[in-house]
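Values in this text are rule-based calculations from the coordinates and carry no lab data. Bear in mind the structure is a predicted one, so any value in this text is a computation, not a measurement. We place every Cβ from the backbone using ideal geometry, glycine too, and count neighbours over all the protein chains shown.
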Amino acid sequence: MKTPMQPSNLVKRYLQAIAAAGEHGRVLDLACGSGRNGIYLVQQGQRVVFSDHEKKKLDEISRLLNKSELTSYWCVDFEEPRVEPLTLGSFSAIIVFRYLHRPLMQAIRQAVQPGGLIIYETFTIDQPRFGRPRNTHFLLQPGELEYVFRGWEVLHSFEGVSVSELSGQQQAVAQLVARKPN
């Protein structure tokens, strides 16, 4: 089986904060795709819920991790209108990379336990200069991520052009690591 890609530098840099939050619950790797970040967290001893709408991807992650007791899998389409996916205070941390569904943002805020973390990185409105995605529904407006998580303790914030860890190409992204108030 193909080995997953390296985890995000953002996840590696904030591993201690994730671990501290993770002592009180599970980490949700929301829209996990190949699971590169969640797999890394499991390898570091964290309990992770992998969520994605593609069951095949979740099955691949499960096989790779040999059905670890630290993992659970949740096949869900967060964009399905009838889905009530996230419950109040159900995760110690939520990590989201390269995914934006604005109607889910308030549920994400509520699903993080007090003292828990959000680690979010996705594309901004400037991304079409560098490639896909180009649809504004999937691109953050300036300051939008910090606005959504206003009132949280910001541990890291970046908005601008960087080099993709995945492709080596330039990209326009916003990143936020923030702790929910107790």
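Under 8 Å for C-alpha pairs, at least 6 residues apart: give me the relative contact order for the chain, rounded to a whole percent.
18 percent
In bins 10 Å wide, starting from 0, what share of all Cα pairs of the stretch 9-179 does each bin hold, as a percent?
10, 39, 39, 11, 0
Just in the stretch 1-56: which trypsin sites (Lys or Arg not before Pro) are loop by DSSP and have at most 10 other Cβ atoms within 10 Å?
Lys2
Where the only charges are on Cβ atoms (+1 Lys, Arg; -1 Asp, Glu), what is the dipole of the chain about its Cα centre, to the nearest 20 debye?
That gives the chain a dipole magnitude of about 240 debye.
What net charge is computed for the residues neighbouring Ala172, neighbours being all others with C-beta under 9 Å from the C-beta of Ala172, Lys and Arg scored +1, Asp and Glu -1?
-1
Any idea which of Gln46, Leu64, Val173 is furthest toward the positive side of the dipole for the chain, if Lys and Arg beta-carbons carry +1 and Asp and Glu beta-carbons -1?
Of the options given, the answer is Leu64.
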